[in-house]
Amino acid sequence: MGGFDGEPIDLATVGQLRRVATHIVARARHQATKRFSLRVTPGGFGTPEFGPAPKRVRVSGTTLVVETDAEGAAKTQTKSIDGTTLAILAHVAGVGLSSPLDVGHDTPSVGRIGEVIRLDERTVDVVHRWYATVAGLLDQVALMRQTTGAPSLARLWPEHFDLAFDIQARPGVRVNVGGSPGDGF
């Protein structure tokens, strides 16, 4: 299947990234704040800073990155996603997988948490470049529409795996604008 700039993408890899985005990255934020939307970050996607001991959980390339900024104990932990399991990633991120997570009708299944995750690095690169491009385009749309109604915050919705915001199209009408590297449709 063709991807960004016609480059081939591996749909299984996109599915695994979506699963990690939902059940590791978004779940970390959700367990602390009951919010689950993500942001585009350099080289990938992740949470905004959250929690009383500030923390961020993100994916950079094929690596899970957990950053904490607790006073006197700031640290960064990393773990390669490829070749590991959801259970190990959950441990690194400090999230529990035993309780269900429902963030909408498109929430991917947590699946078999002990199954080894395999990622195609080219597809991961294409997906991350896709989000960076969509983020840039959304910025341009927001700047063009400044005077007719402010857009909402651009968010990466892990259950759909799309980056989007809503914006006023005309008085009383808002539309969702964004892009997805591929979801249930």
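The values are calculated or read from the model by the stated rules, or taken from the named source; none is laboratory data. Please read these numbers as outputs of a predicted model, since none were measured by experiment. In this analysis, Cβ positions are derived from the backbone assuming ideal geometry, glycine residues included, and neighbour counts consider all displayed protein chains. For accessibility, only protein heavy atoms count, side chains too; no ligands or nucleic acids. Shrake-Rupley method; radii C 1.70, N 1.55, O 1.52, S 1.80 Å.
Which of the numbered conditions does T78 fail, given that it passes all the others? Conditions: (1) within 18 Å of D10 (Cα to Cα); (2) touching a Ser or Thr at 6+ places or on another chain (Cβ under 6 Å); (3) β-branched (V, I, T).
Every listed condition holds for T78 apart from (1).
Take L153 and decide whether it is of a type in the set (A, V, I, L, M) and either open to solvent by 30 Å² or more (accessible area, probe 1.4 Å) or outside any helix (DSSP H, G or I) (or both).
It is true that L153 is of a type in the set (A, V, I, L, M) and either open to solvent by 30 Å² or more (accessible area, probe 1.4 Å) or outside any helix (DSSP H, G or I) (or both).
Hey, among the residues in the range 113-127 that are open to solvent by 20 Å² or more (accessible area, probe 1.4 Å) and outside any loop (DSSP other than H, G, I, E, B), which one's nearest to L163 (Cα to Cα)?
Applying the filter and picking the extreme gives D125.
Being without any contact (Cβ under 8 Å) to a residue 40 or more places away in the chain, more than 19 Å from P158 (Cβ to Cβ) and acidic (D, E), is that true of even one residue in the range 47-61?
No, the conditions are met nowhere in the range 47-61.
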